[in-house]
Amino acid sequence: SSLPTGSRQLLSRFVESRSMTPSSILLALVLLQHGAADAVPSAAGNCPDGSSGDGCGILPWPDDEDTGLKMLQTAGRKLRAKRAPSWQSGEQPLKILFVGNSFTYGPPPFDREDKTSLNNLPRLFKFIAESLGKKVIQEEDTIGGCTIDRHLPSNNPEACSDFSKCRPVDDFPRVNASLLCTMPVGITPLNPTYHPCPQTLLRQPHGSWDVIAVNEHSWGLPVSEIRRKYTHPALQELAQVKELMASQARQAKPLVAMYMTWAYLNGVLDTIPPEGKPGCWTKGDPVDLTLISPGRWHEKVKNFACQGYAIAQGAATALWHGADVLVPAGLAWQAARGTPEIDASCKKEIDEEYNMKLPLNLTLPLPASNTKFARWSGEQLGSQMYRYMGPDYISKFTLSPDIHVDHHASELGMYLNALVFYATLFESSPIGAGVPAGQVIDNMTLPTISPEDAIALQHIAHDTVMGNLDVWWNRTISAYR
């Protein structure tokens, strides 16, 4: 009865036209409740006011359920297009805050002369967006080696003067001392060159945020007890914070975007979980939490494909706990590296963790549409996606003495991440984006990559994101059940 009159009539015609399943009816109700009556496929028939017209009838419900559900989803997409935020069209700048760790700020490689020129996700994202006609205001709230938990207002409050709980951030090159920033005490080691002020969330220096993008510790996403103790409570607090922000500013709530990170070069080679960074894990030791989580931990992360699958499913649980959108960067890495097949034993181990009710119900991994774009298959070529650490570095991510990378993204890897962010948030193809070549964005010099690599990565991002936008935005039928 709460539906507009026209929507009630349209729904009744749907139901009368052919038997519909409960999920179909529920989705139709959701769409019609939000004004999608004029987005539903139409035909000649009677209009709500009693007149007749070519566009006032409804196409009969299709013979097969899948076609009918796709028809309703199409109606939903038309409605969303009408209601898209102004920043998606470029009318207004997107105000985005990136909250995370070194997988966001992007430490530079060993041989980069300017160590303040990072493989920085926020600036690469802004560069890509603006090269495609969109406006972006970006800020960054990052602490290397930590979980989202360390960024929460409850753990890193404003105006902290109790130096037994917090430390001033007044000696970092990227931080103006006048901002009076602090961070939780005890986080060591910490490279001051890389870190901005980690208290930008509530300060909102440019007005209300449109999007808050969060990256959880890459170690934590595949581990159920770490998600339960750290990730999900953090997302729920952020959901409360965004409600408060919206009520105070009398504006739309910011969107929370979960940044799905990538698997390591060969997954995790160590059979014993590594120690967490001191000061970053205050709600439970990550080793203990890993060992008490269900299943055989190492089986889930034993190689690149398995760890990537585990991260993807773990990141997707964010959509059940307060996140609005999932940014599938890690799946794009799988495609860039040739879509290696997921080992059946590790997939079974991961799937059983969720009682076979998978958060990401897709056939994974997602391949590139053309294998020529998967330029980084195999270990040697794949290592180009990761940060080079110098000829004397002994990598714990490979058994090869000729590969000297760690687990951070190289300029190639971070450019791919930024392309995926653009495609997901703007729901638009990144093909044709600008190529970073030393441009200065917000007082930081971008790295340089080749045009050939850039084109391949643009196609990889397009293929990963554009065919599954309803999944990344939690708009699939399962979201309404």
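What ³J(HN,Hα) values, in whole Hz, does the Karplus curve 6.51 cos²θ - 1.76 cosθ + 1.60 give for the stretch 253-265 when θ = phi - 60°, with x put for Gly and Pro?
Here the 3J(HN,Hα) series is 5, x, 7, 9, 10, 8, 8, 6, 8, 10, 7, 6, 3 Hz.
Kindly write out, for the stretch 405-420 in residue order, the coupling ³J(HN,Hα) from the Karplus curve 6.51 cos²θ - 1.76 cosθ + 1.60 (θ = phi - 60°), rounded to whole Hz, with x marking Gly and Pro.
Calculated HN-Hα couplings, in order: 10, 9, 9, 6, 7, 6, 4, 5, x, 6, 4, 4, 4, 5, 4, 5 Hz.
From the Cα gyration tensor of the stretch 295-363, with a ≥ b ≥ c the square roots of its eigenvalues, which class applies: rounded if a/c is under 1.5, or else prolate if a/b is larger than b/c, or else oblate?
Oblate is the answer for the stretch 295-363, as a/c is 1.5 or above yet b/c matches or exceeds a/b.
Taking residue 134 as the anchor, which lysines have their alpha carbon closer than 28 Å to its alpha carbon, excluding any fewer than eight residues away along the same chain?
Those lysines meeting the cut-off are 78, 82, 95, 126, 242, 253.
Looking at the stretch 309-368, which GluC sites (Glu not before Pro) are in a loop (DSSP not H, G, I, E or B) and have at most 10 other Cβ atoms within 10 Å?
For GluC sites (Glu not before Pro) across the stretch 309-368 that sit outside H, G, I, E and B with at most 10 neighbouring Cβ atoms in 10 Å, the list reads 341.
Quick one: order 150, 296 from most to least accessible surface, probe 1.4 Å.
Most to least solvent-accessible, the answer reads 296, 150.
Once the Cβ-Cβ distance between residue 291 and residue 469 is put in as r, and R0 is 51 Å, what FRET efficiency do you end up with, to the nearest 0.05?
Plugging the Cβ-Cβ distance into 1/(1 + (r/R0)^6) gives 0.85.
Sequence-distant or interchain residues sharing an amide H contact under 5 Å with residue 267, placed H: which?
For residue 267, the qualifying residues are 304.
Once you place label points 7 Å from the Cα toward the Cβ at residue 354 and residue 113, how far apart are they in nm?
4.8
Can you list residues whose amide H is under 5 Å from residue 406's amide H, if they're 5+ apart or on another chain and H is modeled 1.01 Å from N?
The answer is 387, 389.
Using 14 Å as the cut-off for backbone N distance, which residues of the stretch 182-221 belong to the label zone defined by a point 7 Å from the Cα of residue 170 along Cα→Cβ?
Taking a point 7 Å out along Cα→Cβ of residue 170, the residues of the stretch 182-221 whose backbone N falls under 14 Å are 182-183.
³J(HN,Hα) across the stretch 325-332 via Karplus (A = 6.51, B = -1.76, C = 1.60, θ = phi - 60°), whole Hz, x for Gly/Pro?
Calculated HN-Hα couplings, in order: 8, 10, 9, x, 4, x, 5, 5 Hz.
Just to confirm the filter: which trypsin sites (Lys or Arg not before Pro) across the stretch 187-286 are DSSP coil and have at most 10 other Cβ within 10 angstrom of their Cβ?
250
Counting other Cβ atoms within 10 Å, which trypsin sites (Lys or Arg not before Pro) in the stretch 363-420 have at most 15 and lie in a DSSP loop?
Here the sparse-neighbourhood loop sites are 396.
Express in nm, to one decimal, how much length is gained between residue 163 and residue 372 on full extension, taking 0.36 nm for each residue of separation and deducting their alpha carbon distance.
69.8 nm
The values are calculated or read from the model by the stated rules, or taken from the named source; none is laboratory data. What you are looking at is a predicted structure, and each value in this text was computed from that prediction instead of being measured. Cβ coordinates were reconstructed from backbone atoms using ideal geometry, including for glycine residues, and neighbour counts include every protein chain displayed. Note: areas computed on protein heavy atoms with side chains; ligands, DNA, RNA excluded. Shrake-Rupley method; radii C 1.70, N 1.55, O 1.52, S 1.80 Å.
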